[in-house]
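Student: Structure in structure tokens, see below.
The values are calculated or read from the model by the stated rules, or taken from the named source; none is laboratory data. It should be emphasised that the depicted structure is a prediction, and the values quoted were computed from it without experimental measurement. Cβ placement follows ideal geometry from the backbone for every residue including glycine, while neighbour counts extend to all protein chains displayed.
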Ligand code: ZN
Ligand code: ZN
Ligand code: FE
């Protein structure tokens with residue numbers, strides 16, 4: 001090997017201790033030259049004998065948070081360096097560096113936090129190169145302190161020494177600070193202001209006395225209250241206008257985790273992973289948690305403290321705390337005090353905040369473990385933004401604007417594809433502002449100007465209108481095609497697959513609402529092979545909130561009007577008569593999500609749905625004691641999946657275990673289709689968040705030797721749609737090229 005090389009590294013190499021690692025490695029091997037951050041990631045100049053060994057150890061000893069996506073080594077002229085240095089960032093060059101997600105407090109910092117001899121003892125914003133905020137504080141690339149919200153804080157002499165010492169674990173840790181120089185805590189309650197460690201004690205006292213406290217976390221504020229105090233929890237629900245959607249609970253430590261839940265060993269390690277997501281686990285029915293945290297559902301979202309402030313708060317009050325995003329219903333999470341007071345002033349009793357500004361709001365990630373796989377329900381803090389590396393660079397930058405619910409965006413430029421964190425459900429002005437702000441943030445960070453915008457086919461989605469207003473070239477991508485392509489892109493699948501897209505609603509190519517679709521997807525398009533027998537969706541979007549509307553539409557496919565009225569005694573017949581009169585105008589849907597709603601109503605599990613996916617969770621809870629249920633009858637004819645025999649049997653015979661048998665029937669139909677085609681199977685769409693269904697399918701596929709794929713880095717729900725749109729757009733550019 002030549003004795004003088006330039007190495008360019010792309011991936012997650014900024015803000016994760018990569019340069020000090022390279023520095024130490026070069027010293028160890030007697031190599032000279034330099035390392036620096038640049039727009040693509042990091043650049044290294046090396047001279048000496050042991051370059052091959054350096055490259056080997058670069059990979060094998062990489063710091064825990066770093067990730068190398070691509071590495072190019074090119075020989076160059078020797079310059080006779082006499083030492084190895086870390087030099088200033090090259091701010092020029094293309095901005096392709098991947099931004100590290102925010103990372104939970106590391107063990108070394110946790111030790112210092114509780115060490116009375118350490119100068120950062122009890123400092124609520126302690127961090128290092130292995131932990132702390134990243135994405136949430138960044139304003140521009142490269143990731144240097146001046147480009148973050150920490151620019152406002154001048155380092156004291158002691159912090160500056162650590163920051164400039166390549167052997168310190170805080171070398172170039174951009175957000176560092178201490179009691180003396182860093183951002184400080186403050187507690188506010190009804191005109192009372194407390195700062196420093198007294199602020200933590202004041203907040204703990206407020207929580208112990210049943211008050212609701214807004215707490216500033218990494219990517220936004222949480223609303224917190226005592227999770228064992230039913231009155232506090234119902235007060236929070238009432239003030240936040242949140243009816244029954246489950247609330248997440250943060251527990252002080254692992255022993256509390258075991259006390260309050262029946263989490264499995266794998267779930268515990270996911271909860272304790274460095275990303276510290278919220279994980280939905282089985283409730284411990286005997287744990288003294290407030291019943292209204294997750295009413296009627298047998299699962300609970302739990303997580304561990306992930307900032308030093310959380311740790312200090314739990315030292316002062318060792319009770320589990322409800323920790324839900326500070327927002328009103330579907331609005332984005334609040335990121336500054338003014339926003340909390342303006343929109344949630346009537347919800348909170350007090351606030352524990354700090355002076356470090358949040359530039360980019362980001363929610364907690366939510367995950368579940370099914371069949372040994374960790375799946376995202378919401379991809380956000382700790383995991384996002386996520387970046388993929390392409391084998392060949394794209395010819396033009398593409399922006400994908402996603403769907404309408406669980407919105408995310410994705411961008412493709414150079415050799416990179418990036419998926420944003422969860423933005424949320426669009427539809428409100430605040431949520432759409434947050435969407436636009438996220439587009440602007442990524443455009444600024446990466447000097448990104450799209451030439452093509454990929455969007456959903458739904459004409460009324462805010463994102464579709466945004467694309468059409470842009471004046472740029474646009475590409476409409478069918479919703480379920482995008483669902484399947486997101487998994488194919490994530491898993492690197494290149495051939496033909498059989499895609500099962502089961503979700504709530506997606507605009508179909510024929511203008512009706514799809515959502516129970518089986519697609520053959522190949523590199524240049526898709527064919528709709530099968531779909532659920534469609535039915536009238538009375539009230540359109542209203543049907544997703546009032547499941548009896550879905551049930552009525554479904555019944556009219558199989559029964560006369562009078563029979564259907566008799567089967568729905570809980571709804572006044574004049575209501576049904578009026579609807580029936582408008583049947584010709586009602587949209588048609590083949591949605592699996594709406595079939596779940598209809599069944600949940602007909603099985604008497606719910607009359608009204610207050611959050612997306614509730615009917616599925618209620619069916620899941622009703623299946624808990626019947627793992628091996630027998631399938632009902634169904635028909636598959638000319639591409640139509642028809643559950644008429646099941647519906648008739650349920651309504652006529654009222655069999656026991658009907659919820660579990662319903663899920664077994666879906667599983668049987670899916671398996672029959674998968675076996676008939678012999679293709680690899682892809683599963684996507686929010687319905688696959690249903691644990692009972694997915695567990696049964698995984699079991700059946702494994703038993704039959706069918707290869708199946710689920711997404712690992714994006715969610716299976718509409719959060720993955722933007723990535724699927726990018727995948728279709730990239731293919732279409734190639735076709736045109
Ligand atoms: Zn640390
Ligand atoms: Zn300091
Ligand atoms: Fe969808």
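Student: For residue 126, are the conditions met, namely being at negative phi and within 16 Å of ligand 2 (Cβ to nearest atom)?
Tutor: Numbers: at negative phi: yes; within 16 Å of ligand 2 (Cβ to nearest atom): yes.
Criteria met by residue 126.
Student: For region 315-353, which positions are closer than 22 Å to residue 182 by Cα and crowded, with 19+ Cβ neighbours inside 10 Å?
Tutor: 335, 351, 352, 353 - these are the residues of region 315-353 that are closer than 22 Å to residue 182 by Cα and crowded, with 19+ Cβ neighbours inside 10 Å.
Student: Kindly list the number of the only condition in (1) under 24 Å from residue 611 (Cα atoms); (2) under 23 Å from the mean Cα position of the chain (by Cα); (3) in contact (Cβ under 8 Å) with a residue 40 or more places away in the chain that fails for residue 400.
Tutor: Failing condition for residue 400: (1).
Student: Next question, about the same structure. Taking the condition within 30 Å of residue 414 (Cβ to Cβ) and either out of contact with any strand residue (DSSP E or B) (no Cβ under 6 Å at 6 or more places or on another chain) or within 16 Å of ligand 2 (Cβ to nearest atom) (or both), does residue 712 pass?
Tutor: On the way: within 30 Å of residue 414 (Cβ to Cβ): yes; either out of contact with any strand residue (DSSP E or B) (no Cβ under 6 Å at 6 or more places or on another chain) or within 16 Å of ligand 2 (Cβ to nearest atom) (or both): yes.
The answer is yes for residue 712.
Student: Looking at region 535-566, which of its residues are over 37 Å from the mean Cα position of the chain (by Cα) and in a loop (DSSP other than H, G, I, E, B)?
Tutor: Within region 535-566, the subset over 37 Å from the mean Cα position of the chain (by Cα) is 556-566.
Scanning region 535-566 gives 559, 560.
Student: Within region 478-487, is even one residue outside any helix (DSSP H, G or I) and either in contact (Cβ under 8 Å) with a residue 24 or more places away in the chain or crowded, with 22+ Cβ neighbours inside 10 Å (or both)? Write out each step before concluding.
Tutor: In the first step, residues of region 478-487 are kept if they are outside any helix (DSSP H, G or I); the result is 478.
The next check asks that each one be either in contact (Cβ under 8 Å) with a residue 24 or more places away in the chain or crowded, with 22+ Cβ neighbours inside 10 Å (or both); those that pass are 478.
Yes, the conditions are met somewhere in region 478-487.
Student: Could you pull out the residue among 437, 469 that is closer than 22 Å to residue 506 by Cα, more than 16 Å from ligand 2 (Cβ to nearest atom) and over 15 Å from the mean Cα position of the chain (by Cα)? Spell out how you get there, then give the answer.
Tutor: On the way: 437 fails: closer than 22 Å to residue 506 by Cα.
That would be 469, the only listed residue that is closer than 22 Å to residue 506 by Cα, more than 16 Å from ligand 2 (Cβ to nearest atom) and over 15 Å from the mean Cα position of the chain (by Cα).
Student: Turning to a different aspect of this structure: Would you pick out the residues in region 406-447 that are surrounded by 20 or more Cβ atoms within 10 Å (Cβ to Cβ), free of Cβ contacts under 8 Å to residues at least 60 places away in the same chain and touching a helix residue (DSSP H, G or I) at 6+ places or on another chain (Cβ under 6 Å)?
Tutor: 426
Student: Suppose we keep only residues that are touching a residue at least 40 places away in the same chain (Cβ under 8 Å) and surrounded by fewer than 24 Cβ atoms within 10 Å (Cβ to Cβ) within region 693-726. Which one would you say is farthest from residue 277 (Cα to Cα)?
Tutor: 699
Student: Among the listed residues 527, 496, 563, which satisfies the condition of being away from ligand 2 (no atom under 16 Å from the Cβ), free of Cβ contacts under 8 Å to residues at least 24 places away in the same chain and closer than 21 Å to residue 674 by Cβ?
Tutor: Numbers: 496 fails: free of Cβ contacts under 8 Å to residues at least 24 places away in the same chain; 563 fails: closer than 21 Å to residue 674 by Cβ.
Result: 527 is the single residue among 527, 496, 563 that is away from ligand 2 (no atom under 16 Å from the Cβ), free of Cβ contacts under 8 Å to residues at least 24 places away in the same chain and closer than 21 Å to residue 674 by Cβ.
This table checks each residue for (1) within 11 Å of ligand 1 (Cβ to nearest atom); (2) surrounded by fewer than 18 Cβ atoms within 10 Å (Cβ to Cβ).
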site	(1), (2)
71	no, yes
76	no, yes
85	no, yes
101	no, no
105	yes, no
111	yes, yes
128	yes, no
131	yes, no
134	no, no
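Student: Another question about this same structure. In region 174-193, how many residues are free of Cβ contacts under 8 Å to residues at least 40 places away in the same chain and under 21 Å from residue 318 (Cα atoms)?
Tutor: Within region 174-193, residues that are free of Cβ contacts under 8 Å to residues at least 40 places away in the same chain and under 21 Å from residue 318 (Cα atoms) number 0.
Student: Looking at region 681-688, is at least one residue out of contact with any helix residue (DSSP H, G or I) (no Cβ under 6 Å at 6 or more places or on another chain) and either surrounded by fewer than 19 Cβ atoms within 10 Å (Cβ to Cβ) or in contact (Cβ under 8 Å) with a residue 60 or more places away in the chain (or both)?
Tutor: As a first pass, look at region 681-688 and keep what is out of contact with any helix residue (DSSP H, G or I) (no Cβ under 6 Å at 6 or more places or on another chain): 683, 686.
Applying the additional criterion that residues be either surrounded by fewer than 19 Cβ atoms within 10 Å (Cβ to Cβ) or in contact (Cβ under 8 Å) with a residue 60 or more places away in the chain (or both) yields 683, 686.
Yes: one or more hits.
Student: I've got another one for you. Can you find a residue in region 91-99 that is free of Cβ contacts under 8 Å to residues at least 60 places away in the same chain, closer than 17 Å to residue 17 by Cβ and away from ligand 2 (no atom under 16 Å from the Cβ)? Let's see the steps before the verdict.
Tutor: We begin by selecting, within region 91-99, every residue free of Cβ contacts under 8 Å to residues at least 60 places away in the same chain; these are 91-93.
Cutting the leftovers down to closer than 17 Å to residue 17 by Cβ gives us none.
Checking region 91-99: not a single residue is free of Cβ contacts under 8 Å to residues at least 60 places away in the same chain, closer than 17 Å to residue 17 by Cβ and away from ligand 2 (no atom under 16 Å from the Cβ).
Student: Further question on the same structure: Can you name the number of the only condition in (1) assigned to a loop (DSSP other than H, G, I, E, B); (2) touching a residue at least 12 places away in the same chain (Cβ under 8 Å) that residue 569 fails?
Tutor: Tallying (1) assigned to a loop (DSSP other than H, G, I, E, B); (2) touching a residue at least 12 places away in the same chain (Cβ under 8 Å), residue 569 fails exactly one: (2).
Student: Could you list all residues from region 138-159 that are in a loop (DSSP other than H, G, I, E, B) and away from ligand 2 (no atom under 16 Å from the Cβ)? Walk me through how you get there before you give the answer.
Tutor: So the first thing to find is which residues in region 138-159 are in a loop (DSSP other than H, G, I, E, B), and the list is 139-144, 153-156.
Correct list: 139, 140, 141, 142, 143, 144.
Student: Taking the conditions exactly as written (at pLDDT 95 or above, in a loop (DSSP other than H, G, I, E, B) and crowded, with 23+ Cβ neighbours inside 10 Å), does residue 403 satisfy them or not? Don't jump to the end; show me each part of the working.
Tutor: Details: at pLDDT 95 or above: yes; in a loop (DSSP other than H, G, I, E, B): yes; crowded, with 23+ Cβ neighbours inside 10 Å: yes.
Spelling it out, residue 403 is indeed at pLDDT 95 or above, in a loop (DSSP other than H, G, I, E, B) and crowded, with 23+ Cβ neighbours inside 10 Å.
Student: Among the candidates 135, 187, 171, single out the residue that is within 30 Å of residue 290 (Cα to Cα) and either away from ligand 2 (no atom under 16 Å from the Cβ) or in contact with a helix residue (DSSP H, G or I) (Cβ under 6 Å, 6 or more places away or on another chain) (or both). Before you say what the answer is, go through the steps one by one.
Tutor: Numbers: 135 fails: within 30 Å of residue 290 (Cα to Cα); 171 fails: within 30 Å of residue 290 (Cα to Cα).
After ruling out the rest, the residue left standing is 187.
Student: Could you check region 354-373 and list, in sequence order, the residues that are crowded, with 20+ Cβ neighbours inside 10 Å and in a loop (DSSP other than H, G, I, E, B)?
Tutor: 356, 358, 360, 361, 362, 363, 364, 365 - these are the residues of region 354-373 that are crowded, with 20+ Cβ neighbours inside 10 Å and in a loop (DSSP other than H, G, I, E, B).
Student: Follow-up question, since we're still on this one. If residue 342 meets every condition in (1) in a strand (DSSP E or B); (2) out of contact with any strand residue (DSSP E or B) (no Cβ under 9 Å at 6 or more places or on another chain) apart from one, which number is that one?
Tutor: Of (1) in a strand (DSSP E or B); (2) out of contact with any strand residue (DSSP E or B) (no Cβ under 9 Å at 6 or more places or on another chain), only one is false for residue 342: (1).
Student: Looking at the structure I just gave you, is residue 517 over 23 Å from the mean Cα position of the chain (by Cα) and within 15 Å of ligand 3 (Cβ to nearest atom)?
Tutor: Values: over 23 Å from the mean Cα position of the chain (by Cα): yes; within 15 Å of ligand 3 (Cβ to nearest atom): yes.
Against the criterion (over 23 Å from the mean Cα position of the chain (by Cα) and within 15 Å of ligand 3 (Cβ to nearest atom)), residue 517 qualifies.
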